[in-house]
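Written out below as structure tokens is the structure these notes cover.
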Amino acid sequence: MKKLTAILLAAVLLLSLLAGCSQKDGQEQGGQQPENSGGGQGEDVQQPEASGRDSMTVALSADVGTFDPYVASQDQELSLARNLYDSLTWLVAGQSEPTMRIAEKYELSDDGTEYLFTLRDDVYFHNGEKLTVDDVLYSFEKFRAAPATMGFAAYIDTVEAVGDNQVKVTLLAPSGSFFESLNWLAIVPKAAHEAANGDFSTNPVGSGAYMLSSQTAGVQFEIKAFDQYYLGQPEIKTVTYKIIPDQSTVAVALQTGEIDYSKNVAFTAIPELEKAENVDCGVRPTSSIFFVFLNTEIAPYDNALVRKAINMVMDRDMCNTVMYESYGQTADQMLSTSVFGHSEKLKGYDYDAEKAAELLAEAGYPGGAGFPPVTIETIEAYSRVAQVVQNGLSSIGIAAEIQVQEQNAFIGRALQGDVPFGILSIGLGGDASAWSVMFKSGEQFNLARYSSGEFDALFDEAGSERDSARRLELYEQAFTILEDEAVWVPLLYVSICHGWNSAFDVDRALEVGDNNIQPFYVTAK
């Protein structure tokens, strides 16, 4: 129950974030460690030549209510925490092997369930105290108990110290998404975090590249580079975060130079920003998916012919237009291009109204005759896409009405299996195994209510497989089943429009941060 509650909280949070973004608008390859070795001393940080710009200003759409990573629940809080705190390892979305952070290396048992992490001996907290194994154990305790992170720790059985500089993490079973889950582990100092007279939410003590230096509630706050950070010093020494909820204001602020970066840029502002000499902008797909779900336990959606017909009349290009001004990316499968497990061999269903009509007739509904009444349920942010879906159904004779609902109530009904035909978006991480709660039989987020023993077996085998190439093969086989059965109706990969001052190079900072900028990797041109 704790795991389910955590996942529900995280998903509702992400759905809220994606709805807001949609309505208003790495790591380098080759640095991977050998299988099972985990060797390496962290990332090799090359110090750039001085450029005159050692600070930047970032716009946030909402204020930060807490700097405590184990109280945080909002997107801006969780993304900021990754700059104030560090983890044992870091895994870039879509990759299979992590780089070392506070852990200098790891060893994996033959059965794939025991990870032995050796800690670096040069890690300090922002208060000058040196990190100890007790701090890591304490951080794991908070990680496993906090509502926003406990879902990522669900597969952990035990965590124990081995001597003064090693931590052994034992899993309930081998997990292909373990390192991705560790991205959410924030290492905090035990004494400072549990101090009875302290207020960690406003006076955080982190282990990351930056430390909080000032805050004006509701207006802005500033972080500065931590001079004892074990990976060295970044080019960007200070970052000021300004609270700017309005997207039109963000676009203007980018052009005037008031801010240097935002991921809260309206897609309608892209043509204007592309003309500006001092601003660059780019659209990046996230690990999230925007889709139609059909309850396969309810007729007529229990018929694969019907599901295929519906897939074939989805005008994904028009969905892209109404959501992202055509700057987004249409989806041909239920895993985004940035998720490990996405297969280029899966092609989905092209638009073909004629073929769809034939399939519908074969299913017993020629020209839509006799097809049960359809209600397309969704939230306000997706109402325009619902109209595109409605038009697609109409093209093969299926009449449908649109019902816009309050978000949390809608999600609750969908989780209970009470929504026959719905539209949502969701993100569950950058590794396919983390999506088990959505695709496997009987799982709570399996909104399609689809069950396949063959799929489950392949998915489980892939999740516990340690060879990356073999994992990809197994996921491809598993998702081919979902494609053949037309279980889901993928529409778009959720995208974000980023805007930044042309004086900066932010590509690596966004790659490593998975679309949440990490200033440590920003360089000035």
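Can you list residues from other chains, or at least 5 along the same chain, whose modelled amide H is less than 5 Å from the amide H of PHE504?
Counting only residues 5 or more places away or on other chains, the set is LYS525.
Taking neighbour counts of Cβ atoms within 10 Å as a proxy for exposure, in what order, fewest first, do LYS355, LYS347 appear?
LYS347, LYS355
At each listed q (0.07 Å⁻¹), what is the log10 of I(q)/I(0) that the Debye formula gives for the chain modelled as equal alpha-carbon point scatterers?
-0.40
Mind listing the phi-derived Karplus ³J(HN,Hα) values for the range 335-350, rounded to whole Hz, using 6.51, -1.76 and 1.60 with θ = phi - 60°, and x for any glycine or proline?
10, 5, 4, 8, 9, 5, x, 4, 10, 5, 7, 8, 10, x, 10, 6
Take the cross-link list LYS190/LYS224; LYS130/LYS190; LYS263/LYS347; LYS308/LYS347 and give me the ones stretching past 19 Å between alpha-carbons. Let's see the in-between values first.
On the way: LYS190/LYS224 23 Å; LYS130/LYS190 11 Å; LYS263/LYS347 30 Å; LYS308/LYS347 13 Å.
With Cα atoms farther than 19 Å apart: LYS190/LYS224; LYS263/LYS347.
Report the Cα centroid-to-centroid distance between the range 489-518 and the range 99-148 in angstrom, as an integer.
Answer, in whole Å: 28.
Which of the listed residues, PHE291, VAL339, SER495, is farthest toward the dipole's positive end in the range 285-496, when Lys, Arg count +1 and Asp, Glu count -1 at the beta-carbon?
Farthest along the dipole direction, towards plus: SER495.
Given the range 285-496 reduced to its alpha-carbon atoms as identical point scatterers, what log10 I(q)/I(0) does the Debye formula return at q = 0.14, 0.16 Å⁻¹?
Log-scaled intensity ratios, in q order: -0.81, -1.07.
Using amide H atoms built in the peptide plane, which far-off residues or other-chain residues are under 5 Å from GLU104 H to H?
THR118, LEU119, ARG120
Treating the beta-carbon of each Lys and Arg as +1 and of each Asp and Glu as -1, no other charges, what is the dipole magnitude of the chain about its Cα centre, to the nearest 20 debye?
840
For the range 469-504, which chymotrypsin sites (Phe, Trp or Tyr not before Pro) pass both filters: DSSP loop (anything but H, G, I, E, B) and at most 11 other C-beta atoms within 10 Å?
On the way: sites: TYR475, PHE479, TRP488, TYR493, TRP500, PHE504; in loops: none.
Nothing satisfies the criteria.
Within a Cβ distance under 11 Å of LYS224, other residues only, what is the Lys/Arg minus Asp/Glu net charge?
Summing Lys and Arg as +1 and Asp and Glu as -1 gives -2.
Bear in mind that the values in this text are calculations on the coordinates, not laboratory data. Predicted model only: the values in this text are computed from it and were never measured. Note that each Cβ is placed from the backbone with ideal geometry, even for glycine, and that neighbours are counted across all protein chains shown.
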